[in-house]
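*Asks:* My structure is below; once you've seen it, I'll send some questions.
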Amino acid sequence: MNQKPLIYMILGIRPDIIRASIIIKYLRQSKKINFKLIWSGQHYSKNLKDTFFKELKLPKPDVELNCSGEDNLFISKYFKKLDSLLSKNRPKLVIFLGDTNTTSGSMCVANHNIPIFHIEGCMRSYNWKMPEEKYRTITDHLSDFIYVYLHNYRYQGKLEGIPNYRMKVVGNPIVEVITKILSKINRNKKNINDLLFKYKVSYKKYILMTAHRRENVEISQNLKNIFKLCNLYDEKIIFAASYRTQKNIQKFKIKIPKNVLIIDPIGYVEFLTLLNNSFLTLTDSGTVVEEACIIKIPSVQIRESTERPEVYIWKSSVKFDPRNNKSLYLKNVYKKSIKLKNMKWKHNFGDGSSSKKIATDIINKVKNNDLNIRNKLINNFMKKNYINDLIK
Ligand code: UDP
């Protein structure tokens, strides 16, 4: 019988698996824990899921919950399946990462009184309309312990009443993931040239684009405005468009500018190769904006609001609010984005040791049975009789 403590990590979308890939390797290697990866099923197609497990050299998930669909439909199916998994196996700890529907499972885990750790906590866009803002806030407040990437994120947590002892600043694990994959990519110049040839583009003479957020692609005018901006560039734009975006382009009967090439989502190696050789990226992706900043590619962040404002402060990115289609505004965004070419920024995402720090801390906390952090501290608080003092 396996006596090692059972630890679950629950993920469900492409960027989760990318960002967590090295953390998972450390946790799987550990002899002190019995680690299992649970896949909720939010992303399920080969090119949004399986390709990434393969490219990042990760074994397939241990459990597939096979849940998909929009928010509430997804959650209703997901909670039922997750509930029975938790009742059957009673893991010692459940780890979530990020801000997707999948992290809403923290409510289900909390109902079992199982400790929760949250990686990528306390990021805030302060835009409550964004589904991600609700998911990350709820998950942070249900968590026993939160790994935050930057000091300002911890401060945001503090502003919401989360005490310091429940947060640890660890840096952003995407730094080591991208560094590792890119160093492999750059060893094979022929593959790089072949890829540029395939897309008929030359080094630093094209733009790579992604857009998938609901507020950008579900509103016809916003999606049209994104293409209006594209129209201002002379360069070819390779647009790796999500299936939702492609469907809406058809639905809204949008005319695609001549310089835009729409392609299906591509694998990580292909995407990073294209990103690293482009001169600019237009994106509404949180992860791509970080990756571009790290590898010194300027970006236009297609967002009304962002939980990653530091890329504006470091001057690696300019903001494009797709609700605004005034021609002067569009020209201004265009001009600012071209000027970014000359910027020399320094990022502060981390030194490449974040994954190791997170995994080591988790393993130590499991070993020391230091998981039920909220309860332990509440008990200490009660022992000190503050409450009794208050009601005297
Ligand atoms: N990505 C990819 N292929 C694509 C588009 C993106 O491999 O066709 C990668 C990209 O490098 C980044 C992640 O997927 O690591 C971003 O995913 P997404 O934009 O869906 O999520 P977000 O970061 O907005 O949560």
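*Asks:* Of all helices (runs of 4 or more DSSP H) completely enclosed by segment 164-236, which ones contain at least 2 residues that are over 17 Å from residue 260 (Cβ atoms) and under 19 Å from the mean Cα position of the chain (by Cα)?
*Replies:* 174-185, 214-217
*Asks:* For residue 247, only one of the following conditions fails: (1) within 16 Å of the ligand (Cβ to nearest atom); (2) not in a helix (DSSP H, G or I). What is its number?
*Replies:* It fails just one condition, (2).
*Asks:* Under 6 Å between Cβ atoms, which residue pairs at least 6 apart in sequence (or on different chains) link something in segment 92-118 that is of a type in the set (Ser, Thr, Tyr) with a partner that is more than 14 Å from the ligand (Cβ to nearest atom) and assigned to a loop (DSSP other than H, G, I, E, B)?
*Replies:* Listed by first residue and then by second, the contacts come to 102/40.
*Asks:* Select from segment 214-243 the residues that are among the basic types (Lys, Arg) and modelled with pLDDT of 95 or more and list them in ascending order.
*Replies:* Correct list: 224, 228, 236.
*Asks:* From the list 305, 242, which one is among the polar types (S, T, N, Q) and more than 10 Å from the ligand (Cβ to nearest atom)?
*Replies:* 305
Residue by residue, here is whether (1) within 16 Å of the ligand (Cβ to nearest atom); (2) of a type in the set (D, E, K, R) holds:
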| position | (1), (2) |
| --- | --- |
| 201 | yes, no |
| 209 | yes, no |
| 233 | no, no |
| 237 | yes, no |
| 253 | no, yes |
| 275 | yes, no |
| 278 | yes, no |
| 295 | yes, no |
| 300 | yes, no |
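*Asks:* Exactly one of these conditions fails for residue 257: (1) within 7 Å of the ligand (Cβ to nearest atom); (2) over 23 Å from residue 341 (Cα atoms). Give me its number.
*Replies:* The one condition residue 257 does not meet is (1).
*Asks:* Quick check on this structure: which one of 135, 165 is modelled with pLDDT of 95 or more, closer than 24 Å to residue 354 by Cβ and among the aromatic types (Phe, Trp, Tyr)?
*Replies:* So the residue among 135, 165 that is modelled with pLDDT of 95 or more, closer than 24 Å to residue 354 by Cβ and among the aromatic types (Phe, Trp, Tyr) is 135.
*Asks:* Hey, another quick one. For segment 227-272, what are the residues that are among the small types (Gly, Ala, Ser) and touching a His at 6+ places or on another chain (Cβ under 9 Å)?
*Replies:* 241, 242
*Asks:* Among the residues of segment 304-340 satisfying the criterion of being under 22 Å from residue 223 (Cβ atoms) and touching a strand residue (DSSP E or B) at 6+ places or on another chain (Cβ under 7 Å), which is surrounded by the most Cβ atoms within 10 Å (Cβ to Cβ)?
*Replies:* Result: 317.
*Asks:* State all residues of segment 112-146 that are part of a helix (DSSP H, G or I) and touching an Asp or Glu at 6+ places or on another chain (Cβ under 8 Å); if no residue qualifies, say none.
*Replies:* Within segment 112-146, 131, 132, 133, 135, 136, 137, 139, 140, 141 qualify.
*Asks:* Counting only residues that are more than 16 Å from the ligand (Cβ to nearest atom) and among the acidic types (Asp, Glu), which one in segment 131-146 is farthest from the chain's Cα centre (by Cα)?
*Replies:* This residue is 144.
*Asks:* Any residue at all in segment 311-326 that's over 16 Å from residue 231 (Cα atoms), modelled with pLDDT of 95 or more and of a type in the set (S, T, N, Q)?
*Replies:* Yes: one or more hits.
*Asks:* Enumerate the helices (runs of 4 or more DSSP H) found wholly within segment 1-104, keeping only those where 1 or more residues are over 21 Å from residue 213 (Cβ atoms), within 16 Å of the ligand (Cβ to nearest atom) and not charged (D, E, K, R).
*Replies:* Hits in segment 1-104: 14-29, 50-55.
*Asks:* Considering only residues of segment 146-155 that are surrounded by 24 or more Cβ atoms within 10 Å (Cβ to Cβ) and in contact (Cβ under 8 Å) with a residue 60 or more places away in the chain, which is nearest to residue 363 (Cα to Cα)?
*Replies:* Per the stated criteria, the residue is 147.
The values are calculated or read from the model by the stated rules, or taken from the named source; none is laboratory data. Remember, predicted model here, so these are calculated numbers, not experimental data. All Cβ positions, even for glycine, are placed from backbone atoms using ideal geometry, and neighbour counts span all protein chains on display.
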